[in-house]
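Every number here is computed from the coordinates shown, using simple stated rules; none is lab data. Bear in mind the structure is a predicted one, so any value in this text is a computation, not a measurement. Positions of Cβ are backbone-derived with ideal geometry, glycine not excepted, and every protein chain shown enters the neighbour counts.
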Amino acid sequence: MKKTKFYSIHENLGAKIVDFAGYKMPIQYSSIIAEHKAVRTTAGVFDVSHMGEVFVRGEKALNFVNHITVNDASLLTDGRVQYSAMCYEDGGIVDDLLVYRISEKEFMLVVNASNLEKDFAWMNKNNSFGVELVNESDEYSLLAVQGSNSNETLQKICDELLELEYYHFFKAKVAGIDMILSRTGYTGELGYELYFKGDEAVAEKVWNTVFEAGKELGIKPVGLAARDSLRLEMGFCLYGNDIDQTTNTIEAGLGWITKLKKPSFIGKDVLTAAKENGTKKKLVAMISNEKTFPRPGYELTVNGKKAGYITSGTVSPILDKAIALGYVNSEFAKEGNKINFLIRGKEVEAQITKLPFVKK
């Protein structure tokens, strides 16, 4: 198992460490609910250095990115970021990812840690454009600073931050360290990402500088468990739960990133057909007033018959209600419809609702 360059910091803070995507990662420091609420009310810092960074370089870098992703990378300009996905020929999702345009001839693709090897192999397999593909994941550390006080925290140590728009990035210097600083986020809150290279001493310097800047603003370290409950409250998909190679972007509610009018890309024909003809299942959001914990894999029922399955679920720390994402037969997918969680043989009433669960 790998360790990020913040590992000794996590240990010293008493974090609960688990094996995740090939890394030893902090799942929580104090309580999941307390860390979750810190991000919703003040600010939290996540070590997400396990994420993968692949650089695409060459004359046809844009052509390559547009070929392997469903969104339209030609709409990007330098310093902009795009949420996208890669699909197989049958429309199944290889991974969801972020596309950073550094220049017309250089892009950074940020992929899920558990998919890095598979993704990199897929990129190489489909590289008929002569571009250079470089996996620099082991060289980069990545901190996500999320929450309403994230801007005020980072503004103390980065002069240009106030000008940064949503889904934009720039090359910054924080704590004297050169880095890529972006504003995206996986929590629904105002948030920023710090990508930088260097050894454990450099990582410790950045961590300490961020926490010193945010000390009076209530900044807290946050583990991966709260990251999951935060993203679920916003209805953001998690690869391996809500999307995978057996699902496509149309049925997963990601039609908005699937640009079917752009020139040919991998999976286009199947996705176009899915859009035009409809899909048998759809990913929906569900909420229940019952005190229960909906878990991935639990069945969903309508009138006593199976109607789908849960892909992600928790009890929202903010709403104090059971929330879940799951696939249901398209005939049942209308907002407002009643549906049941089948939990240990008992039907628990829920309702299909509109995302996000927590309104911002």
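Put a plus charge on the Cβ of each Lys and Arg, a minus charge on the Cβ of each Asp and Glu, and nothing anywhere else: the dipole of the chain about its Cα centre is then about 1100 debye. Note on ALA273 and SER148: the extension gain reaches 40.9 nm, defined as 0.36 nm multiplied by sequence separation minus the Cα-Cα distance. Please state the shape class of the chain: rounded when a/c is under 1.5, otherwise prolate if a/b exceeds b/c and oblate if not, all from the C-alpha gyration tensor. Taking the square roots of the gyration eigenvalues as a ≥ b ≥ c, the chain is oblate.
Placing +1 on the Cβ of every Lys and Arg and -1 on the Cβ of every Asp and Glu, with nothing else charged, gives the stretch 207-360 a dipole about its Cα centre of roughly 260 debye.
For GLU59 and LYS2, a Förster radius of 30 Å and the Cβ-Cβ distance give a FRET efficiency of 0.30, rounded to the nearest 0.05. Counting only Cβ charges, +1 for Lys and Arg and -1 for Asp and Glu, the dipole size of the stretch 280-360 around its Cα centre is about 180 debye.
Among the chymotrypsin sites (Phe, Trp or Tyr not before Pro) within the stretch 249-329, not one is in coil by DSSP while having at most 15 neighbouring Cβ atoms inside 10 Å. Report summary: the helix-based calculation at 222 nm, which adds -39500 (n - 2.57) for every DSSP H run with n ≥ 4 and divides by the residues of the chain, gives -6000 deg cm²/dmol. The DSSP beta bridges internal to the stretch 1-130 are antiparallel in roughly 95% of cases.
In the elastic network of the chain, a GNM with C-alpha springs shorter than 10 Å, the most mobile of GLU163, GLU349, GLU212 is GLU163.
Decide, for the stretch 166-217, between rounded, prolate and oblate: order the square roots of the alpha carbon gyration tensor eigenvalues as a ≥ b ≥ c, take rounded if a/c falls under 1.5, and otherwise choose prolate if a/b is larger than b/c, else oblate. Verdict is oblate for the stretch 166-217. Rounded to two decimals, the Cα-based Rg/Rh of the stretch 206-319, with Kirkwood Rh, is 1.09. As a calculated quantity, the FRET efficiency between LYS105 and GLN155 at R0 = 30 Å, using C-beta atoms, amounts to about 0.40. Over 27 Å apart at the Cα level, from the set LYS24/LYS346; LYS24/LYS205; LYS24/LYS125; LYS261/LYS359; LYS262/LYS282; LYS3/LYS268, are LYS24/LYS346; LYS24/LYS125; LYS261/LYS359; LYS3/LYS268. Summing charges over neighbours of TYR167, with a neighbour being any other residue whose Cβ is under 10 Å away from its Cβ, gives +1 when K and R count +1 and D and E count -1.
Between rounded, prolate and oblate, where does the stretch 280-360 land on the alpha carbon gyration tensor, with a ≥ b ≥ c its root eigenvalues, rounded for a/c under 1.5, else prolate if a/b exceeds b/c? In terms of gyration-tensor shape, oblate.
The string of couplings for the stretch 335-345 from the Karplus curve (6.51, -1.76, 1.60, θ = phi - 60°) is 4, x, 5, 7, 8, 10, 7, 9, 10, 6, x Hz, one whole number per residue in order, with x for Gly and Pro.
FRET efficiency for the ILE318 to GLU347 pair, using the beta carbon distance and R₀ = 35 Å, is estimated at 0.85.
So for the stretch 3-128, taking the charge dipole from beta-carbon charges (+1 Lys/Arg, -1 Asp/Glu), which of MET108, THR41, GLY22 sits furthest toward the positive end? Of the candidates, THR41 comes out farthest on the positive side. Among the listed pairs LYS171/LYS259; LYS60/LYS275; LYS118/LYS281; LYS2/LYS118; LYS220/LYS291; LYS305/LYS334, those whose Cα-Cα separation exceeds 20 Å are LYS171/LYS259; LYS60/LYS275; LYS118/LYS281; LYS220/LYS291.
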